[in-house]
Amino acid sequence: MDIKKICIIGAGQMGNGIAHAMSLAGYDVVLNDINQQSLDAAMTAMHKNMARQASRGKISESDVTEAIARITTTLSLADIGATDLVIEAATERETVKRAIFEDLQPHLLPHTILTSNTSAISITRLASRTDRPERFMGFHFMNPVPVMQLVELIRGIATDEETFASCRTVVEKLGKTAASAEDFPAFIVNRILMPMINEAVYTLYEGVGSVKSIDLSMKLGANHPMGPLELADFIGLDTCLAIMNVLHEGLADTKYRPCPLLTKYVEAGWLGRKTQRGFYDYRGEEPVPTR
């Protein structure tokens, strides 16, 4: 299927990043959220980020103008049904995602493909609550979307080949690379990445090292561009905990048990960069370790 018009549900960091990449690639984009302030903030962020790309010579000023013109925003799900592809990028809670797809269903065109940007939740289970499980799949972008080259494409048990091929074509048009993953908890990237982050939190919890020494060790000792605790703050500690819970519950293996310290930080509302405090305190000029 020739996809021309794409809807993104959720105007947060992932949603506006996906809209940014899609509009620059020439797609007409409808960005939906339940909050007008979020939509306004997303448009401001996209314009700022595209302008930064233009200042570095990666795109032209006309590219920015044309891409922004391709994006429309709406608060109504009824306005977004007449699109070729829907990418849900709402909060990482299954009940929220299921409710979105159920509310969206009456407004869809017969050929519309539904996808979720979930980083861990079962695609098969989400698809089963819709009227088109054969045209439903996982479309998992990495953060930050405009920069990261990988997109995980996850088939549910009912996903047909035409749907997969259509989504793969979109990834190629974005200039990104698709990795095909099976529908098991956390897929590929987070199945490997999150236990490493969780183990780094255990290393901190057990007093083996401080925040600074753990991150420095992995950056200099394993050549990681960012330490695991710094990365956890960037991702969001609530997201890390949610993915670890999906792994722990879905695979029933104690090696995926979330570290109690990770749970404690989330309970405190210290979620990382987005709340200005996590394993680092970001309220000053330089990030300061909180342990």
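So which of Ile197, Ile188 ends up being touching a residue at least 12 places away in the same chain (Cβ under 8 Å) and touching a strand residue (DSSP E or B) at 6+ places or on another chain (Cβ under 6 Å)? Walk me through how you get there before you give the answer.
Working: Ile197 fails: touching a strand residue (DSSP E or B) at 6+ places or on another chain (Cβ under 6 Å).
After applying the criteria, what remains is Ile188.
Do the conditions hold for Gly272, that is, is it touching a residue at least 24 places away in the same chain (Cβ under 8 Å) and buried (at least 21 other Cβ atoms within 10 Å of the Cβ)? Even if it seems obvious, please write down each step before you answer.
Numbers: touching a residue at least 24 places away in the same chain (Cβ under 8 Å): yes; buried (at least 21 other Cβ atoms within 10 Å of the Cβ): yes.
Criteria met by Gly272.
Are there helices (runs of 4 or more DSSP H) fully within region 1-117 with at least 1 residues that are crowded, with 21+ Cβ neighbours inside 10 Å and in contact with a Phe, Trp or Tyr (Cβ under 9 Å, 6 or more places away or on another chain)? List them. If you could, list the steps in order and put the result at the bottom.
Values: elements: 13-24, 36-55, 61-69, 94-104.
Counting at least 1 such residues, we get 13-24, 94-104.
Exactly one condition in (1) modelled with pLDDT of 95 or more; (2) at positive phi is not met by Leu241; state its number.
(2)
Can you find a residue that is without any contact (Cβ under 8 Å) to a residue 12 or more places away in the chain and surrounded by fewer than 21 Cβ atoms within 10 Å (Cβ to Cβ) anywhere in region 231-241?
Of all residues in region 231-241, those without any contact (Cβ under 8 Å) to a residue 12 or more places away in the chain come to none.
No: region 231-241 contains no residue that is without any contact (Cβ under 8 Å) to a residue 12 or more places away in the chain and surrounded by fewer than 21 Cβ atoms within 10 Å (Cβ to Cβ).
Please go through region 20-42 and pick out each residue that is small (Gly, Ala, Ser) and touching a Lys or Arg at 6+ places or on another chain (Cβ under 9 Å). First the steps, then the outcome.
Narrowing region 20-42 to residues small (Gly, Ala, Ser): 21, 23, 25-26, 38, 41-42.
Those that are small (Gly, Ala, Ser) and touching a Lys or Arg at 6+ places or on another chain (Cβ under 9 Å): Ala21, Ser23, Ala25, Gly26.
Condition test on Gly221, is it in contact with an Asp or Glu (Cβ under 9 Å, 6 or more places away or on another chain) and not assigned by TED's automatic domain parsing to the domain that holds Gln105?
Details: in contact with an Asp or Glu (Cβ under 9 Å, 6 or more places away or on another chain): no; not assigned by TED's automatic domain parsing to the domain that holds Gln105: yes.
The answer is no for Gly221.
So which of Val147, Val201, Val151 is buried (at least 19 other Cβ atoms within 10 Å of the Cβ), of a type in the set (Val, Ile, Thr) and assigned by TED's automatic domain parsing to the domain that holds His20? Break it down into steps so the answer makes sense when it comes.
Numbers: Val147 fails: buried (at least 19 other Cβ atoms within 10 Å of the Cβ); Val201 fails: assigned by TED's automatic domain parsing to the domain that holds His20.
Sole residue among the options that is buried (at least 19 other Cβ atoms within 10 Å of the Cβ), of a type in the set (Val, Ile, Thr) and assigned by TED's automatic domain parsing to the domain that holds His20: Val151.
Taking interchain pairs and intrachain pairs at least six residues apart, which have beta carbon atoms under 9 angstrom, with the first residue in region 255-268 and of a type outside the set (Val, Ile, Thr) and the second at pLDDT 95 or above and part of a loop (DSSP other than H, G, I, E, B)?
Taking only residues 6 or more apart or on different chains, the pairs are Lys264/Trp270; Tyr265/Leu271; Tyr265/Gly278; Tyr265/Phe279; Tyr265/Thr290.
Need pairs with beta-carbon distance below 9 Å; first residue in the same structural domain as Val147 (by TED's automatic domain parsing) and within region 160-181, second exposed (fewer than 13 other Cβ atoms within 10 Å of the Cβ) and among the hydrophobic types (A, V, I, L, M, F, W, C); sequence gap 6+ or separate chains.
none
Can you list residue pairs whose Cβ atoms sit under 8 Å apart, with the first residue in region 105-126 being among the aromatic types (Phe, Trp, Tyr) and the second being assigned to a helix (DSSP H, G or I) and buried (at least 20 other Cβ atoms within 10 Å of the Cβ)? Count only pairs 6 or more apart in sequence or on different chains.
none
The values are calculated or read from the model by the stated rules, or taken from the named source; none is laboratory data. Because the structure is a prediction, the values reported are computed rather than measured. Neighbour counts are summed over all protein chains in view; Cβ atoms, including those assigned to glycine, are modelled from backbone coordinates with ideal geometry.
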